[in-house]
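Here's the structure, in structure tokens; my notes come after.
The values are calculated or read from the model by the stated rules, or taken from the named source; none is laboratory data. Predicted model, so just to flag it, every value in this text is computed and none were measured. Positions of Cβ are backbone-derived with ideal geometry, glycine not excepted, and every protein chain shown enters the neighbour counts. Quick note on the areas: whole protein, heavy atoms, side chains included, nothing else; ligands and nucleic acids left out. Shrake-Rupley method; radii C 1.70, N 1.55, O 1.52, S 1.80 Å.
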Amino acid sequence: MILKNGQVFTALGRFLTADVELEGDRIKQVAPAGTLHGAEEIDAAGKYVTPGFVDIHIHGAAGADFCDSVDGSQEYVKTMQKYLGSQGVTSFMGTTMAFSEEILNDIFAAVKPLFNQEAEGAVLRGVNMEGPFFNKAKKGAQAEKYIIDPDWEMFQRLWQTSGGNIRLVDVAPELPGAVEFIRKASELCTVSIAHTSATYEEAKAAYANGASHTTHLFNAMPAFTHRAPGVVGAAADDAAHVEMISDGIHLHPAVVRAVFALFGAERVCLISDSMRACGMPNGEYSLGGQKVFMNDGLATLEDGTIAGSATCLAECFRRAVKFGVPLESALRAATINPAQAVGLFDELGSVTAGKRADVLVLNKDLQPEHIFIGGKEL
């Protein structure tokens, strides 16, 4: 398949008019515009040829939740894969909630055969273990009864059950034993600061000991103020990447723009943090065993606490652009950066010869007209 004359988004985060050849499940080559020819061609002139979106923080969509797999079924993940693929999300990290070790173990055992396997849609690339090592004061929509201090032995057991597929683990760095946990866990996967009351100094210590990531910046953490910069200030100093939910609900559009200005386009990861109501009508749903009510994109617990989002990463990307983020910056934050943050950039996240053929053709409204996952068009 030849994608001709498109505005191709390169690994450098810039557009270049070029032709792209897909062969098998790989990107065979990127060549000057008008130089490649084949039996199958798509004229992408005036359109964007981009990597597939990479969502490293998503709980559910289309009525399904990653953690539904606790009963041993894989149908829930497959439902998510099909929906995400239809939106242009080609890779994702199944994200857990604060649960007991027994429940998490059951989830990881159920989904283990699906990691990195081709699917009818997005490919499940691993686990984002969000919880249970949190500060109860910043639990957000996490169930307090499951929240515990960091437990290295528990994490090691779950790591083994997952087949080494936990790619990201969250921790509140002010908790007892957190710094030692971070030091050890960072040898196995990306460690993120999350659901925390940490001071600037406590967060700095976490980054100094191996944490490199920050979960849904501003949400479930202390405010960023001029005398107490907290986690946000420490992340600005030291974090390799920060996540941001640009649905227009979790953060004001001005804050979305400010994060890109403060951190730079190369450090921001757009995420959906979506739950099962994503892609579904208004109504009652659940997250982590708790009731959630979704109305016009706003998902809340019964007490009004925001409970994840109901917006797909593809739409979060479009909204970031609508909020005034430059197209190249927003696209990088939905593709290159998240792939880098969890160690997947050698395989995906950019339109580069030799990488997986996870490629989108977007129209001027940034809607996908063609979606290729592993070289196969949906």
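When you go through 137, 208, 223, 194 one by one, which is the residue that is over 17 Å from residue 100 (Cα atoms) and open to solvent by less than 10 Å² (accessible area, probe 1.4 Å)?
Values: 137 fails: open to solvent by less than 10 Å² (accessible area, probe 1.4 Å); 208 fails: open to solvent by less than 10 Å² (accessible area, probe 1.4 Å); 223 fails: open to solvent by less than 10 Å² (accessible area, probe 1.4 Å).
When all the criteria are applied, what remains is 194.
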- Item | Flag for residue 298 being among the hydrophobic types (A, V, I, L, M, F, W, C), open to solvent by 20 Å² or more (accessible area, probe 1.4 Å) and either over 16 Å from residue 216 (Cβ atoms) or modelled with pLDDT of 95 or more (or both) | no
- Subset of region 83-100 (residues that are outside any loop (DSSP other than H, G, I, E, B) and open to solvent by less than 20 Å² (accessible area, probe 1.4 Å)): 84, 85, 89, 90, 91, 92, 93, 94, 95
- Message: Condition check: more than 21 Å from residue 68 (Cβ to Cβ) and of a type in the set (D, E, K, R). Does residue 273 satisfy that?
- Response: no
- With respect to residue 291, determine if the residue is of a type in the set (Lys, Arg) and buried (at least 17 other Cβ atoms within 10 Å of the Cβ). no
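For (1) part of a helix (DSSP H, G or I); (2) within 24 Å of residue 335 (Cβ to Cβ); (3) in contact with a Leu (Cβ under 7 Å, 6 or more places away or on another chain); (4) not β-branched (Val, Ile, Thr), each residue gets a yes or a no:
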| position | (1), (2), (3), (4) |
| --- | --- |
| 247 | no, yes, no, yes |
| 250 | no, yes, no, yes |
| 261 | yes, yes, no, yes |
| 278 | no, yes, no, yes |
| 294 | no, no, no, yes |
| 302 | no, no, no, yes |
- Kindly establish whether residue 29 is in contact with a Phe, Trp or Tyr (Cβ under 8 Å, 6 or more places away or on another chain) and part of a strand (DSSP E or B). no
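Listed here are the residues, each with its yes/no results for (1) part of a strand (DSSP E or B); (2) open to solvent by less than 50 Å² (accessible area, probe 1.4 Å); (3) out of contact with any Asp or Glu (no Cβ under 8 Å at 6 or more places or on another chain); (4) of a type in the set (Ser, Thr, Tyr).
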{"residue": "42", "(1), (2), (3), (4)": "yes, yes, yes, no"}
{"residue": "81", "(1), (2), (3), (4)": "no, yes, no, no"}
{"residue": "102", "(1), (2), (3), (4)": "no, no, yes, no"}
{"residue": "109", "(1), (2), (3), (4)": "no, no, yes, no"}
{"residue": "124", "(1), (2), (3), (4)": "yes, yes, yes, no"}
- Task: Report whether or not residue 46 is more than 29 Å from residue 128 (Cα to Cα) and in contact (Cβ under 8 Å) with a residue 60 or more places away in the chain.
- Result: yes
- Item | Criterion: under 26 Å from residue 242 (Cβ atoms), at pLDDT 95 or above and in a loop (DSSP other than H, G, I, E, B) - qualifying residue of 360, 344 | 344
- Task: Keeping to region 8-25, report how many residues are in contact with a Lys or Arg (Cβ under 7 Å, 6 or more places away or on another chain), buried (at least 16 other Cβ atoms within 10 Å of the Cβ) and more than 30 Å from residue 308 (Cα to Cα).
- Result: 3
